[in-house]
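First up is the structure itself, then whatever we jot down about it.
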Amino acid sequence: MATEFRLLMARKIVLFGGETSFVAPILGSDIVHHVWNSTISLNLDKFPLDKESEVHERKAILRLIQGIAYLVAFQVGVTVFNVKYMQSDEFLEDSLFYRHVYCGLWAHFALYKYISCWLLTEASCIRFGISYNGEENTEMGVISKWDGCNNIKLLRFEEKNQ
């Protein structure tokens, strides 16, 4: 009876706390509720934050570095491919092919802002253990997956030309 009451009270706290946590506005409350419901059900061994700390810290640092790199690329790209130039009469005098390439590159670099924000958020979610997504068997043994908040495949995005 006491355990059921404790779980009920904890779920009510999650409904309030999950909506006001730092990741809920970005990721939505589903991820927060999923993690909290697993945590509340007293299955704390499911999240290997202590026993595999170097794995999730390495993945978090990798995502952090990728996010910073995309943020730097965005800053450089939008200064090179300027919107004010695209609105000028000089831009209209250029060839059609040049304008298409210029607009395509500008749009590609403009997306880097959103990609960098997502990568930085994903790094913090990995670091705090929110993006734990189970385990997988590899040739090196069983390793934990930390891609629960992964929303973009970087290689697939960079290789697309359509």
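The values are calculated or read from the model by the stated rules, or taken from the named source; none is laboratory data. All figures in this text were calculated on a predicted structure; none of them were measured in a lab. As a convention, Cβ positions derive from the backbone with ideal geometry for all residues, glycine included, and neighbour counts pool all protein chains shown. Remember, those area values only see protein heavy atoms, side chains included, never the ligands or the DNA or RNA. Shrake-Rupley method; radii C 1.70, N 1.55, O 1.52, S 1.80 Å.
A few notes on this one:
- Take 113-120, 100-107, 88-95 and order them by the average number of nearby Cβ atoms within 10 Å per residue, most first; the result is 113-120, 100-107, 88-95.
- Nearest-10 value in Å² for the accessible area of F128, using the 1.4 Å probe: 130
- Solution diffusion estimate, µm²/s, Stokes-Einstein, region 114-162, Kirkwood Rh from C-alpha pairs, 20 °C, viscosity 1.002 mPa s: 175
- In this label model, L62 and V83 are separated by 3.5 nm, measuring between points 7 Å along each Cα→Cβ vector.
- Extending 7 Å from Cα along the Cβ direction at I152 and again at S53 yields two label points whose distance is 3.1 nm.
- Pairs with C-alpha atoms separated by more than 22 Å, drawn from the list K59/K160; K59/K153; K84/K153; K84/K160, are K59/K160; K84/K153; K84/K160.
- Reducing region 79-110 and region 128-146 to their Cα centroids gives an inter-centroid distance of 43 Å.
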